[in-house]
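The values are calculated or read from the model by the stated rules, or taken from the named source; none is laboratory data. The structure presented is a predicted model; accordingly, all values stated were derived computationally and were not measured. When we count neighbours, we look across all protein chains shown, and the Cβ atoms used for this are built from the backbone with ideal geometry, even at glycine. Ligands, DNA and RNA are excluded from the accessible area calculation, which covers all protein heavy atoms including side chains. Shrake-Rupley method; radii C 1.70, N 1.55, O 1.52, S 1.80 Å.
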Amino acid sequence: MASVHESLYFNPMMTNGVVHANVFGIKDWVTPYKIAVLVLLNEMGRTGEGAVSLMERRRLNQLLLPLLQGPDITLSKLYKLIEESCPQLANSVQIRIKLMAEGELKDMEQFFDDLSDSFSGTEPEVHKTSVVGLFLRHMILAYSKLSFSQVFKLYTALQQYFQNGEKKTVEDADMELTNREEGERKMEKEELDVSIREEEVSCSGPLSQKQAEFFLSQQASLLKNDETKALTPASLQKELNNLLKFNPDFAEAHYLSYLNNLRVQDVFSSTHSLLHYFDRLILTGAESKSNGEEGYGRSLRYAALNLAALHCRFGHYQQAELALQEAIRIAQESNDHVCLQHCLSWLYVLGQKRSDSYVLLEHSVKKAVHFGLPYLASLGIQSLVQQRAFAGKTANKLMDALKDSDLLHWKHSLSELIDISIAQKTAIWRLYGRSTMALQQAQMLLSMNSLESVNAGVQQNNTESFAVALCHLAELHAEQLWMLCDQKIQFDRAMNDGKYHLADSLVTGITALNSIEGVYRKAIVLQAQNQMSEAHKLLQKLLIHCQKIRNTEMVISVLLSVAELYWRSSSPTIALPVLLQALALSKEYRLQYLASETVLNLAFAQLILGIPEQALSLLHMAIEPILADGAVLDKGRAMFLVAKCQVASAASYDPPKKAEALEAAIENLNEAKNYFAKVDCKEQIRDVVYFQARLYHTLGKTQERNRCAMLFRQLHQELPSHGVPLINHL
């Protein structure tokens, strides 16, 4: 069971999953990309309700927020996004931007003058306090503050932005014409969704305040909930360095850099970023503003606490203890009970191997409840349960304790701890050997995570509890698979040795793991024990069930067993249509091995019916796949059947040719015996040596006959006799 205190890292950027960032000193300014967004908003206002369908307008509204908050993107990508939502509007936006970029500076001036009309009238197109309204007002204000030289530079940048977009569009069109497949792959790669991707982040200049807030919020949320969708560590660090280049005192960027370095286990860089975060937090006075005179001390004690957590994560326990002592000293001086409770929890983590650690943990839980800290209280209860589980306490008491912690989770909406609690229950049930209950808890956790989505459609599927549940499921399935394979192997060995009573005892275990396989094996045992009517009833019921659930492979296996039952009951003619049905199914579903096995059974039926020549020709069709890909036991049976067909076919030959055929049959019997010996199938070896003894007697080879007869006698005395299939006409 993994430690439940992995979540005890102080994260100042998150409150209930929402990331708060404050980009000091960075204001909104006008860029060519934002002018393009303003054109889009203007066109949306000018377009009547009938011109754009309700579904298109809904898609456009969903697109606006990431466009307003996200970083600048290229014009071609912006066109593509708008075209996916509303192709008609994309064409209008493209024309407006082209006229402005290819016109004169006064066209851009006139465009910004006309933006103010959006707020005029009794029913304005845009409300001033809406998200779009605030964006328009910020852009109008930022543009009005520009000097003439700055306006000229902005217009020049707009022209360059437009030219780059047009060039990119032409290149994409040429690529599609020259190589459509490569073009399609490129289009797929460049498709944009609402989340920030690596190719979307612009490194050419600083982000505005809102863009930086959105970038930090989204990346921190992705790191917490679905790391695979966040930028790669190298790309994210590159963007953070770019942000810090324009504002070195951007504290939250340092903290995100700290989280990013933790991903790659870079202890030096993560420590460096963490210390820089708290240094900037103190220098900017942000903590003092929000917490009064205590802000400075609060930053220091939480800096020490986070440093202790960092060292503990990397296994530097001595350094972690020193940092924790410093955090405790400062917290005691400031009388900060919340910080002291965090320190107490980490004291337990550092000293949990000591025999008296449970006393510290119980004290931590009581104090957390007293000061109204449900998160810490729940983590403490989880750790107590884990500790007592290893101490051998009864499961009912542990589950009662977890039930109490669950009440805290649901009362305070601590979804992350709900997941941890379920993962804990899964581990406890596995520890006590209750695999069914463990399986139920793990599947419940996975179902909860699949239903709980967070920002931007991200699923919480990379948390520690989720990983623990997946590991438990993998182990449970592996155990069941291994147990089933082990039971089947033991069953096959018992059948090969003729120990049918032992095979029958293994059927119960197989049935518990796989009911269909268990019923099939039970029928095989009954058939081997000559209980034909009981075996037939069981096989018929199993056949109907497998046909209903469309288990084709098992249907064919059952048909083969039914056919064997018929020819063992001296009814080979009834077995033929059953075998033909099995053969048709095998070929329809391209089950080559089962088809070859069916052909072997058809050949044996023809041998019993007295047409060994046709049986031998059938064997030549089926024996190659059996020898190439078949099991060792099936290879032995195939060679044994070939020898029987050769002997039966030689009955009408003249003496010289008959002797030659019998010699060839003896060679095939030797090969079959070698196969049977590999799997220690004594019953089949007994049949082979008996057959060889008869052949040697016919050929007048007394010494070889006596050797085979002696071996047969030894095996016959060792094994129970259930009748030996013989061919009397040699």
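Restricting attention to the stretch 573-590, the residues that are open to solvent by 50 Å² or more (accessible area, probe 1.4 Å) and either modelled with pLDDT under 85 or not β-branched (Val, Ile, Thr) (or both) total 8.
Of the helices (runs of 4 or more DSSP H) entirely within the stretch 267-349, those holding at least 1 residues that are open to solvent by less than 20 Å² (accessible area, probe 1.4 Å) and at pLDDT 85 or above occupy 267-284, 295-313, 317-334. In this structure, is Gly183 of a type in the set (Gly, Ala, Ser), under 14 Å from Ile73 (Cα atoms) and at pLDDT below 70? Against the criterion (of a type in the set (Gly, Ala, Ser), under 14 Å from Ile73 (Cα atoms) and at pLDDT below 70), Gly183 does not qualify.
Check every one of the helices (runs of 4 or more DSSP H) wholly within the stretch 489-561 and list those with 3 or more residues that are polar (S, T, N, Q).
500-513, 532-549
Contact annotation: no residue pair with Cβ atoms under 8 Å, 6 or more positions apart or on different chains, pairs a residue in the stretch 58-72 that is not assigned by the TED database to the domain that holds Lys34 with a partner that is crowded, with 20+ Cβ neighbours inside 10 Å and in a helix (DSSP H, G or I). Put simply, of Leu216, Leu223, Leu231, Leu240 the only residue that is at pLDDT 85 or above, outside any loop (DSSP other than H, G, I, E, B) and surrounded by 20 or more Cβ atoms within 10 Å (Cβ to Cβ) is Leu240.
For beta carbons closer than 6 Å, sequence separation of 6+ or different chains, a first residue in the stretch 568-582 that is over 17 Å from Ser596 (Cα atoms) and a second that is open to solvent by less than 50 Å² (accessible area, probe 1.4 Å) and of a type in the set (A, V, I, L, M), the qualifying pairs are Ser569/Met532; Pro572/Ala605.
Being among the aliphatic types (A, V, I, L, M) and surrounded by fewer than 17 Cβ atoms within 10 Å (Cβ to Cβ) is the filter here, so list the residues in the stretch 464-473 that pass it. The answer is Ala467, Leu470.
Quick check on Tyr566: is it within 33 Å of the chain's Cα centre (by Cα) and either surrounded by 19 or more Cβ atoms within 10 Å (Cβ to Cβ) or assigned by the TED database to the domain that holds Phe604 (or both)? Criteria not met by Tyr566. Close Cβ contacts (under 8 Å, 6 or more residues apart or on different chains) running from residues in the stretch 615-636 that are within 20 Å of Asn496 (Cα to Cα) to residues that are among the aromatic types (Phe, Trp, Tyr) and open to solvent by less than 30 Å² (accessible area, probe 1.4 Å) comprise Leu633/Phe676; Gly636/Phe676.
Does at least one position in the stretch 263-274 carry a residue that is in contact (Cβ under 8 Å) with a residue 24 or more places away in the chain and more than 29 Å from the chain's Cα centre (by Cα)? Among the residues of the stretch 263-274, at least one is in contact (Cβ under 8 Å) with a residue 24 or more places away in the chain and more than 29 Å from the chain's Cα centre (by Cα), which makes the answer yes. Under 9 Å between Cβ atoms, at least 6 apart or on separate chains: pull out the pairs that start in the stretch 421-449 with a residue that is within 27 Å of Pro374 (Cα to Cα) and end on any residue that is of a type in the set (D, E, K, R) and surrounded by fewer than 16 Cβ atoms within 10 Å (Cβ to Cβ). Going by the 9 Å Cβ cut-off, the qualifying pairs are Ile428/Arg434. Among residues of the stretch 357-379 that are surrounded by fewer than 16 Cβ atoms within 10 Å (Cβ to Cβ), none has a beta-carbon under 8 Å from a residue that is of a type outside the set (Phe, Trp, Tyr) and not in a helix (DSSP H, G or I) at least six positions away or on a different chain.
Taking each residue of the stretch 595-609 that is free of Cβ contacts under 8 Å to residues at least 40 places away in the same chain and looking for partners that are part of a helix (DSSP H, G or I) and polar (S, T, N, Q) with beta-carbon atoms closer than 8 Å, six or more apart or interchain, yields Ala595/Ser586; Gln606/Gln614; Leu609/Thr573. Of everything in the stretch 474-509 that is among the small types (Gly, Ala, Ser) and over 21 Å from Asp687 (Cα atoms), the residue that is least open to solvent (accessible area, probe 1.4 Å) is Gly509. Taken over the stretch 597-613, residues that are part of a helix (DSSP H, G or I) and either open to solvent by 50 Å² or more (accessible area, probe 1.4 Å) or not hydrophobic (A, V, I, L, M, F, W, C) (or both) amount to 7.
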